[in-house]
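Here is the structure we will look at.
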Amino acid sequence: MVEHVRKFVPKEKLVIAGSGCESTRETVEMTKQMAEVGADAVLVTTPCFYKNGMTNEAMVAHFLKVADSSPVPVILYSVPSNTGIDLAPEVIIKLSSHPNIIGLKDSGGDISKIGNLVFKTKHCGFQILAGSASFLYPSIALGCVGGVCALANVLPQEVCHLYELSRTGRHSEAQSLQQRLIAPNAAVTRKFGVPGLKHAMDWFGFYGGPTRSPLQALTSDEEASVRQMFAGSGYQGPQS
């Protein structure tokens with residue numbers, strides 16, 4: 001898939017591919033494969049199956065090995081809601097000095113943590129991305145450079161507009177838009193997840209497509225709930 005995406009995406013646009021696996025060796029191999037087919041950078045999540053063994057030392061060793069072996073820059077990915085592991089600030093700060101580790105996607109949403117990381121890593125050019133549209137504005141205000149947001153698949157113009165408002169200091173407008181996007185974002189992330197995202201994309205005229213097992217498609221009541229969460233913020237799909 002990454003190979004086909006690279007063929008269609010203009011050269012000046014970055015292609016970032018996920019390459020995180022449970023073992024370091026598999027992650028190194030997957031990272032090299034992603035680079036070979038055209039990824040400009042890789043997004044590497046934390047291993048999580050053996051949680052008791054995922055100490056700070058284990059995380060540092062894992063990401064250093066991946067970064068040392070990767071032909072392209074590495075972006076750390078902390079997504080505790082899915083992995084049960086919140087990458088510790090001291091690990092991130094230590095890894096930020098590696099020349100091939102260029103940033104972090106933080107989906108935990110702890111604004112105080114994000115702000116502290118921006119402060120502690122800005123001297124080495126490390127860049128931090130908000131992992132959700134639900135806290136994009138405060139993250140930009142604290143110094144993050146952007147976001148990787150599921151909601152942008154459904155409301156791309158609105159999420160990009162929020163980024164621009166935040167980046168240019170139009171705080172009143174950014175606050176208002178951020179507030180409107182919180183409920184729709186929840187519908188396609190923590191409440192209904194990927195099935196909710198796919199349904200919302202279909203509803204707004206994009207292609208979400210069927211869910212892959214073991215995930216199940218939404219029930220009719222759940223579909224109605226997704227639409228209500230969007231409508232409550234003033235967003236109606238063209239297929240309403």
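The values are calculated or read from the model by the stated rules, or taken from the named source; none is laboratory data. Note that the structure is predicted; figures quoted are calculated from it, not measured. Because the Cβ atoms are built from the backbone with ideal geometry, glycine has one as well, and the counts that use them run over all protein chains shown. These accessible areas exclude ligands, DNA and RNA; they are computed on the full protein's heavy atoms, side chains included. Shrake-Rupley method; radii C 1.70, N 1.55, O 1.52, S 1.80 Å.
In the stretch 1-78, counting only strands (runs of 3 or more DSSP E) that sit wholly within it, the ones holding 1 or more residues that are modelled with pLDDT of 95 or more, surrounded by 15 or more Cβ atoms within 10 Å (Cβ to Cβ) and touching a His at 6+ places or on another chain (Cβ under 9 Å) span 41-45, 74-78. Condition check: in a helix (DSSP H, G or I) and not aromatic (Phe, Trp, Tyr). Does residue 98 satisfy that? No: the conditions fail for residue 98. Residues in the stretch 139-171 that are of a type in the set (A, V, I, L, M, F, W, C) and within 15 Å of the chain's Cα centre (by Cα): 140, 144, 145, 148, 149, 150, 151, 152, 154, 159, 160. Given the criteria crowded, with 16+ Cβ neighbours inside 10 Å and over 17 Å from residue 147 (Cβ atoms), does residue 118 qualify? Answer is no for this residue. Residues in the stretch 157-176 that are under 28 Å from residue 87 (Cβ atoms) and open to solvent by less than 60 Å² (accessible area, probe 1.4 Å): 4 in all.
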